[in-house]
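See structure below.
The values are calculated or read from the model by the stated rules, or taken from the named source; none is laboratory data. Worth saying up front: this structure is predicted, and the values here are computed from it rather than measured. A quick note on method: Cβ atoms are made from the backbone with ideal geometry, for glycine too, and the neighbour counts reach across all protein chains shown.
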Amino acid sequence: MSHLYQPQKIEPKWHRIWQETAAHKTPERSEKPKYYCLDMFPYPSGSGLHVGHLRGYVLSDVWARYKKLQGYNVLHPMGWDSFGLPAENDAIKRGIHPRINTEKNIQNMKRQLEKIDAMYDWSREINTSSPEYYKWTQWIFLKIYKKGLAYRKMVPINWCPSCKTGLANEEVVNGRCERCESPVTKKNLMQWMLRITRYADRLLQDLDKLDWPEKVKTMQTNWIGYSEGAEVVFKALSARNKEEFDIPVFTTRPDTLFGATYMVLAPEHELVEKITSPYQEKEVQDYVRQSERVPEVERLSEVKQKTGVFTGAYAINPVNGEKTPVWISDYVLLAYGTGAIMAVPAHDRRDFEFATKFDLPIREVIYSQEAERKKGGSLKEAYLEEGKLINSGAFNGLSSQEAREKITQHLARKKLGKKSVSYKLRDWVFSRQRYWGEPIPIIYCSRCGEIPVPEKNLPVELPQVEKYQPTGTGKSPLENIPEFVNTTCPGCGGPAKRETDTMPQWAGSSWYFLRYPDAHLEEASFEKETANYWLPVDTYVGGIEHAILHLLYSRFFTKVLYDLGYIGFDEPFQQLFNQGMVCKRSKRTGKVEKMSKSKGNVVSPDVLIEKYGIDTVRMYELFIGPAELDCEWQDQGIEGIFRFLKKTWNLISKWERESAQEDRETQRRLHLLIRDVTERIEAFKFNTAVSSFMEFINFLNRPEILTRGVKNKTIETFLVLLAPFAPHFSEELWERVGHSESIFKEEWPLYDRSLGETKFLTAVVQVNSRVRGTLTVTKDAPEEKVREEARRIEKVRKYLEGKEIKKVVYVPGRIINFVTTTTKG
RNA sequence: GCGAGAGUGGCGGAAUCGGUAUACGCGCUAGAUUUAGGAUCUAGUGAGGAAACUCAUGCGGGUUCGAGUCCCGCCUCUCGCACCA
């Protein structure tokens, strides 16, 4: 047996043994309390894993193993999010069919993941692009459909001209495609939509129940974007045929209603065509057409210059009967509120800008002394604060707050308004015009109309095809496959056509956490009782990049399934932890950036594992910095961990046969280690947990301890603490100190306060808050005695000489501070 | 513009309650060992100073016996949102 630390020998050995003994298999039934620790499953990319991906997996694995040692029945599964744009784009780039490419990538990434020897129960592996799995994704879609939460609509959607598909609102970042960063354009398409907006209030309210980082909660809150206000109806007269129309608007400031001097409709608003006067028609049409063409990015960048056109029509302000002109402008968004606004230029920054540019009247209705004014006394900029109402008829003198109530009530009586709330959240565009996704299980029959595929006919399998490239026409590539498209109607048996759009990348991941508890169940997507046992997920670990998309969609699916009675919980993830990104200086850009292939700054774990072994890599991933913050990878830093493990190995190998007389200080240090490691794991401070191991080993390496030796029990406790971090290392030494059972069957050690605390403490002695010495005291030593002893310290005496002591501050066992009359000692 | 987080040695970073700032690691310096390189071990390592000491946690104030930590005002960086009526 070798006495050198050779990870290359011991790691494969334990990898094999754990496999043979099914050590990581989670039992179906157990007496123990359950614990569900989940990683955000990866999409199988061609470039494989780099050390940045590993960080989260190592972190969750330490946590899962810790929970196991604490006596929980731990579920820690892994799978593949293999449908969707990233997988498909990767396949297209390589010219390999997505199915084949995905399989290949899964194999490669699984090989890499197996190397880190996380406690994954691979018997529960799932793959969202396998028919056994997506059968149930389709099934859930049908449930959503039958609940009336899925509908088809012709809408101007976000279109990525590069990916050649529609995108959800959540997938557009600063007017660009989240994936490829191409500017997004608008396209009118018949789309499947999910009514996530119906859940807006619950998605918002229930954030309170969750143990999530505030940052993520804030991001979701802002995304859902709740505002309180009123809906107010303006009666508009068409300038074309004198027909009357209602134009409802949403406002958060009904108190400024008397200041509404004009109205603006979004260019795409359905009333535009109906009310525009013949004289204005050409100008309006030009403007509408132009704003359709302008990509989102430009529209956003033109924040400074407002544009717009008058429709020729007027609407009646319901509080004062005033005729206000109706304009159109792209600063009004069709998708928010009602797609139309009442413009109050005196009290809204954007309206002020627009009114100034087009010379529209500006009427102040909130009194303000503080407002900045031009020479003539008119406003220099919009006054946004609340205040007392002026120029508001019967409501003059009321505060904004009172006026909001009163004016809304007044309108409600006249049936021209009511209290209302508005959300920024929009319905989820669920159609993708791409090949690599779950086919939407709907059939169109000329006789029976839109018909869901009967559940017994699921899955609607994705056909094996040669050509899978996106068409760019707004139709999915599936449209060109007659064998797929043409089918018979489940209603009347006549000829019918299939829906050819596929689901977005997020579909499969919106419910996968429900699948792991019974991953290969054939007769259902999941079993209620099993799901209720395991879920919600106790700890969910993954990157911040999913703060909105995946987490919001998963919460939505969970709530729908809860409402349908399929599960007994309405939030999927109780605790969320976001690990920071691993960065490295890129030679190409010269900046410290997130690891990515395009930046040329990726570090592959394969070489490192070969050289140092996975235990070293695991511990370095944790040691590198606070888990929740971004960190910079330093190639040399890993040496320190390797040295630590070697040092520890040598120390323990040396002692394995010794029975020693152990001193109390060693016991004390051991118990402090138990306390610190436990506390630091609990707080996800893995970097400092690793340092506490180092400090303990440095202590054991002191000459006096080396000669005296330590008890086997001490070493054993140390190994159990270390086991979640360096599992092979600990397992091997555990065996070498004489155990035949796995170390992971042990119990997590408990801190014994009576052993961890000492009778004597080191108190600091200060004169005028400057350290002049230390004193060994007992915790309950009387202050008088401590004072006396402290004053006997030579330096203290020196600084106190000739001074009058004004005050003495004593914190028992910690500090004694003599304050003298002069400030400087 | 709004919101959140961060700023501590040459570097990554520690510092439960306001109580010895710089734990732990990297790097560096010197020595030991080694044919050499590497590895390992020992000692040292915030700055100034011969020392006594003094000064240092982005900047400027404040509270306190005592501030990296609390309060006020700035600066810089990162992330998120951004015409949301």
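Tell me, yes or no, whether segment A:369-386 has at least one residue that is crowded, with 16+ Cβ neighbours inside 10 Å, near RNA strand B (Cβ under 10 Å from one of its atoms), among the hydrophobic types (A, V, I, L, M, F, W, C) and modelled with pLDDT under 90. Before the answer, list the steps.
Of all residues in segment A:369-386, those crowded, with 16+ Cβ neighbours inside 10 Å come to A:371, A:379, A:382-383, A:386.
If we keep only those that are near RNA strand B (Cβ under 10 Å from one of its atoms) too, we end up with none.
Within segment A:369-386, none of the residues are crowded, with 16+ Cβ neighbours inside 10 Å, near RNA strand B (Cβ under 10 Å from one of its atoms), among the hydrophobic types (A, V, I, L, M, F, W, C) and modelled with pLDDT under 90.
Please state which one of A:606, A:615 is crowded, with 18+ Cβ neighbours inside 10 Å, more than 26 Å from the chain's Cα centre (by Cα) and more than 7 Å from RNA strand B (Cβ to nearest atom). Spell out how you get there, then give the answer.
Working: A:606 fails: crowded, with 18+ Cβ neighbours inside 10 Å.
Exactly one of A:606, A:615 is crowded, with 18+ Cβ neighbours inside 10 Å, more than 26 Å from the chain's Cα centre (by Cα) and more than 7 Å from RNA strand B (Cβ to nearest atom), namely A:615.
Conditions: (1) modelled with pLDDT of 90 or more; (2) part of a helix (DSSP H, G or I). Residue A:651 meets all but one. Number of the miss? With respect to (1) modelled with pLDDT of 90 or more; (2) part of a helix (DSSP H, G or I), residue A:651 is out only on (1).
Between A:288, A:284, A:294, which is buried (at least 21 other Cβ atoms within 10 Å of the Cβ) and either over 26 Å from residue A:398 (Cβ atoms) or within 11 Å of RNA strand B (Cβ to nearest atom) (or both)?
Numbers: A:288 fails: buried (at least 21 other Cβ atoms within 10 Å of the Cβ); A:294 fails: buried (at least 21 other Cβ atoms within 10 Å of the Cβ).
Sole residue among the options that is buried (at least 21 other Cβ atoms within 10 Å of the Cβ) and either over 26 Å from residue A:398 (Cβ atoms) or within 11 Å of RNA strand B (Cβ to nearest atom) (or both): A:284.
For segment A:203-230, filtering for residues that are surrounded by fewer than 16 Cβ atoms within 10 Å (Cβ to Cβ) and away from RNA strand B (no atom under 13 Å from the Cβ) leaves 5.
Scanning segment A:30-64 for residues that are assigned to a helix (DSSP H, G or I) and in contact with a Phe, Trp or Tyr (Cβ under 7 Å, 6 or more places away or on another chain) yields A:51, A:59, A:62. Filtering segment A:573-591 for residues that are under 24 Å from residue A:430 (Cβ atoms), of a type outside the set (Lys, Arg) and away from RNA strand B (no atom under 12 Å from the Cβ) leaves a non-empty set. Checking each residue in segment A:459-494 for being more than 20 Å from residue A:83 (Cα to Cα) and not in a loop (DSSP other than H, G, I, E, B) picks out A:480, A:482, A:483, A:485, A:486, A:487, A:488.
Mind checking which residues of segment A:766-789 are small (Gly, Ala, Ser) and either surrounded by fewer than 17 Cβ atoms within 10 Å (Cβ to Cβ) or more than 13 Å from RNA strand B (Cβ to nearest atom) (or both)?
Initial filter on segment A:766-789 (small (Gly, Ala, Ser)): A:769, A:773, A:781.
Scanning segment A:766-789 gives A:769, A:781.
Considering only residues in segment A:740-754 that are in contact with a helix residue (DSSP H, G or I) (Cβ under 8 Å, 6 or more places away or on another chain) and assigned to a loop (DSSP other than H, G, I, E, B), the one that is farthest from residue A:8 (Cα to Cα) turns out to be A:752. Of all the criteria given as (1) part of a helix (DSSP H, G or I); (2) among the acidic types (Asp, Glu); (3) surrounded by fewer than 15 Cβ atoms within 10 Å (Cβ to Cβ), the one not satisfied by residue A:731 is (3). In the set (1) under 20 Å from residue A:5 (Cα atoms); (2) more than 9 Å from RNA strand B (Cβ to nearest atom); (3) assigned to a helix (DSSP H, G or I); (4) of a type outside the set (Gly, Ala, Ser), the condition left unmet by residue A:725 is number (3).
Set side by side, the residues A:684, A:718, A:642, A:696 differ, and just one is assigned by TED's automatic domain parsing to the domain that holds residue A:735, crowded, with 17+ Cβ neighbours inside 10 Å, in a loop (DSSP other than H, G, I, E, B) and not small (Gly, Ala, Ser), which is A:684.
Right, residue A:326: assigned to a strand (DSSP E or B), within 9 Å of RNA strand B (Cβ to nearest atom), in the same structural domain as residue A:401 (by TED's automatic domain parsing) and buried (at least 16 other Cβ atoms within 10 Å of the Cβ) or not? Break it down stepwise before answering.
Values: assigned to a strand (DSSP E or B): yes; within 9 Å of RNA strand B (Cβ to nearest atom): no; in the same structural domain as residue A:401 (by TED's automatic domain parsing): yes; buried (at least 16 other Cβ atoms within 10 Å of the Cβ): yes.
It is false that residue A:326 is assigned to a strand (DSSP E or B), within 9 Å of RNA strand B (Cβ to nearest atom), in the same structural domain as residue A:401 (by TED's automatic domain parsing) and buried (at least 16 other Cβ atoms within 10 Å of the Cβ).
Which count do you get for residues in segment A:794-814 that are within 11 Å of RNA strand B (Cβ to nearest atom) and assigned to a loop (DSSP other than H, G, I, E, B)? Summing the residues that are within 11 Å of RNA strand B (Cβ to nearest atom) and assigned to a loop (DSSP other than H, G, I, E, B) in segment A:794-814 gives 3. Looking across segment A:1-45, the residues that are among the basic types (Lys, Arg) and free of Cβ contacts under 8 Å to residues at least 12 places away in the same chain come down to A:9, A:16, A:29.
Of all the listed residues (A:381, A:353, A:450, A:386), the sole one being in the same structural domain as residue A:475 (by TED's automatic domain parsing) and either farther than 30 Å from residue A:171 by Cβ or not hydroxyl-bearing (Ser, Thr, Tyr) (or both) is A:450. Cβ separations smaller than 6 Å between residues 6+ apart or across chains give the following pairs from segment A:535-548 residues that are more than 21 Å from residue A:75 (Cβ to Cβ) to residues that are not hydrophobic (A, V, I, L, M, F, W, C): A:544/A:578; A:548/A:170.
For segment A:344-358, name all the residues that are assigned to a helix (DSSP H, G or I) and either surrounded by 23 or more Cβ atoms within 10 Å (Cβ to Cβ) or more than 9 Å from RNA strand B (Cβ to nearest atom) (or both). Even if it seems obvious, please write down each step before you answer.
Keep residues of segment A:344-358 that are assigned to a helix (DSSP H, G or I), which gives A:345-347, A:349-358.
Correct list: A:345, A:346, A:347, A:351, A:352, A:355, A:356, A:357, A:358.
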